[in-house]
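Undergrad: Here it is: the structure, laid out below.
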Amino acid sequence: MISQKAKYALRALVVLARADAEKALFISDIAEEQNIPKKFLEQILLDLKHQGIVMSRRGKMGGYLLLKPAEDITFGEVLRLIDGPIAPLPCLSKIAYRRCEDCQSEETCEIRHVFNEVANVTRGVLDKTTIADCLVYGEDGKVAEMLDS
C-alpha cells in the first residue's frame with residue numbers, strides 16, 4: 001500500500017501537469033482542488049523540489065511548476081522518493097536490500113520467488129507509467145478517484 005503522502009504527491013503532480021506549463025500554481029489552489037491539507041502539501045512539494053521534480057517561483061506570479069516534463073516523471077520514481085523502496089520483502093529491494101532475518105536460503109525460498117514475480121510486475125507498471133499517462137485517465141476530472149483505486 002502506498003502512503004497518503006505519496007498519493008498526495010501524485011495528485012499534486014497531475015494537477016501541475018494539467019496546468020499551463022508557464023503558469024505557476026499556488027499551493028493553496030492545489031490543496032483546495034485536491035482536498036489536501038495545505039501544510040502537508042507544502043512539505044511534499046518541498047521534497048519534490050529538492051529532488052528536481054518541481055520548481056518554485058516567488059512573487060506575484062509565484063507558485064509551483066513542473067521542472068521535469070510530465071512524460072519523464074514515473075509513478076515509480078515518485079513512490080521511491082516519497083515512500084522508499086517498492087518491494088514486498090526487504091530481500092527484493094533494489095535500493096535498500098536487506099536479507100530476511102529468518103531466511104535460510106534466498107535461492108530456495110518459495111515465498112521470495114512468488115513475491116519476486118509480484119515485485120517485477122509492479123515495478124514494470126510503476127516505472128513505465130508517467131504523470132503524462134495519468135492525464136488521459138484524469139480528463140474527466142477524476143484524478144483523485146483514479147489514484148484512490
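Undergrad: Students often get this wrong, so try it: which of [x] 33, 21, 11; [y] 34, 15, 13; [z] 21, 17, 15 is semi-axes √(5λ) of the Cα gyration tensor in Å as calculated from the structure shown?
TA: Recomputing semi-axes √(5λ) of the Cα gyration tensor in Å here picks out [y].
Undergrad: In the chain, which longest range has no GluC sites (Glu not before Pro) that are both DSSP loop (not H, G, I, E or B) and surrounded by at most 10 other Cβ atoms within 10 Å? Could you put the intermediate results ahead of the total?
TA: Details: sites that count: 22, 101, 107, 139.
After excluding every exposed loop site, the longest remaining stretch is 23-100.
Undergrad: Pairs of alpha-carbon atoms within less than 8 angstrom and 6+ residues apart define the contacts here; what relative contact order does the chain have, in percent?
TA: Value for the chain: 27 percent.
Undergrad: How high is the relative contact order of segment 74-128, in percent, with contacts defined as C-alpha pairs under 8 Å that are six or more residues apart?
TA: After rounding, I find 42 percent.
Each value in this text was obtained by applying a stated rule to the coordinates, not by laboratory testing. All values derive from a computational prediction rather than experimental measurement. All Cβ positions, even for glycine, are placed from backbone atoms using ideal geometry, and neighbour counts span all protein chains on display.
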